[in-house]
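Enquirer: First the structure, which I've put down as structure tokens, then a few questions once you've had a look.
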Amino acid sequence: MGDTLKIFIRKLGDIRLSCPYCMDHKIIPGEKIKGEHKIRIICSCKHAFDVEFEYRKKTRKNASLDGHFEKIDPLMAQDSSRRSKTSWDLASIANQHSNCKIKNLSVDGIGLTSNYSHTIKVGDLLEIIFTLDNSSATIMEKIYTVRSVEDNYMGCEIYLHDLQDKDLAFYILS
């Protein structure tokens with residue numbers, strides 16, 4: 001298998017890893033990996049795999065927001081005319097056609113769980129629409145690159161920064 005398992009770390013604590021071969025779990029104390037960026041793990045099933053640690057730089061806010069995600073083509077992500085939806089359309093999509101729950105947000109990323117089984121994989125681009133639970137009920141429409149997938153949970157990184165970033169930053173810090 002030759003794949004590298006990427007783990008995102010913001011606060012150093014115990015880390016739970018799953019072997020990609022046998023799915024057995026192993027807990028590594030955080031102090032053993034402090035400062036490390038890549039290690040090799042040998043599982044009890046005798047398979048070896050690499051683990052890469054990425055330390056978080058931005059504040060992440062826990063959330064519980066309904067949203068809608070849709071896989072998009074990379075060419076569509078570059079097309080600015082794709083944002084032809086009105087605010088009403090976006091609100092309707094995010095609230096009435098919800099297919100996910102936004103679990104956490106940062107100015108650079110998002111974590112969400114799909115309400116249904118999916119075929120999303122690392123590297124896919126998602127258009128995600130959701131409404132912030134602030135006093136303005138700000139509707140967010142952003143494109144993200146999928147960085148991790150575990151069952152129905154997806155961790156994503158912002159694909160393109162835009163004018164909505166200031167609204168998101170204010171929300172995260174409030």
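The values are calculated or read from the model by the stated rules, or taken from the named source; none is laboratory data. Source: prediction; values computed, not measured. Cβ coordinates were reconstructed from backbone atoms using ideal geometry, including for glycine residues, and neighbour counts include every protein chain displayed.
Enquirer: Being at pLDDT 75 or above and of a type in the set (F, W, Y) is the filter here, so list the residues in segment 6-21 that pass it.
Expert: Once the filter is applied, which keeps residues that are at pLDDT 75 or above and of a type in the set (F, W, Y), segment 6-21 yields only Y21.
Enquirer: Can you find, within segment 156-166, the residue that is surrounded by the fewest Cβ atoms within 10 Å (Cβ to Cβ) among those that are assigned to a strand (DSSP E or B) and either at pLDDT 95 or above or of a type in the set (D, E) (or both)?
Expert: We begin by selecting, within segment 156-166, every residue assigned to a strand (DSSP E or B); these are 156-158.
Keeping just the survivors that are either at pLDDT 95 or above or of a type in the set (D, E) (or both) gives 156-157.
Numbers: C156: 25, E157: 14.
Across segment 156-166, the extreme among qualifying residues is E157.
So that you can scan it fast, the table gives a plain yes or no per residue for (1) loosely packed, with under 15 Cβ neighbours inside 10 Å; (2) farther than 29 Å from L160 by Cα; (3) of a type outside the set (S, T, Y); (4) at pLDDT 70 or above:
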position	(1), (2), (3), (4)
T4	yes, no, no, yes
M23	yes, yes, yes, yes
I27	yes, yes, yes, yes
D66	no, no, yes, yes
Q78	yes, no, yes, no
W88	yes, no, yes, no
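Enquirer: I want to confirm something. Restricting to segment 37-53 and keeping residues that are surrounded by 13 or more Cβ atoms within 10 Å (Cβ to Cβ) and not β-branched (V, I, T), which single residue is modelled with the lowest pLDDT?
Expert: F53
Enquirer: Collect the residues in segment 126-144 that are surrounded by fewer than 18 Cβ atoms within 10 Å (Cβ to Cβ) and either not hydroxyl-bearing (S, T, Y) or not in a loop (DSSP other than H, G, I, E, B) (or both), keeping them in residue-number order. Don't jump to the end; show me each part of the working.
Expert: Kept after step one, since they are surrounded by fewer than 18 Cβ atoms within 10 Å (Cβ to Cβ), are these residues of segment 126-144: 133-138.
D133, N134, A137, listed by residue number.
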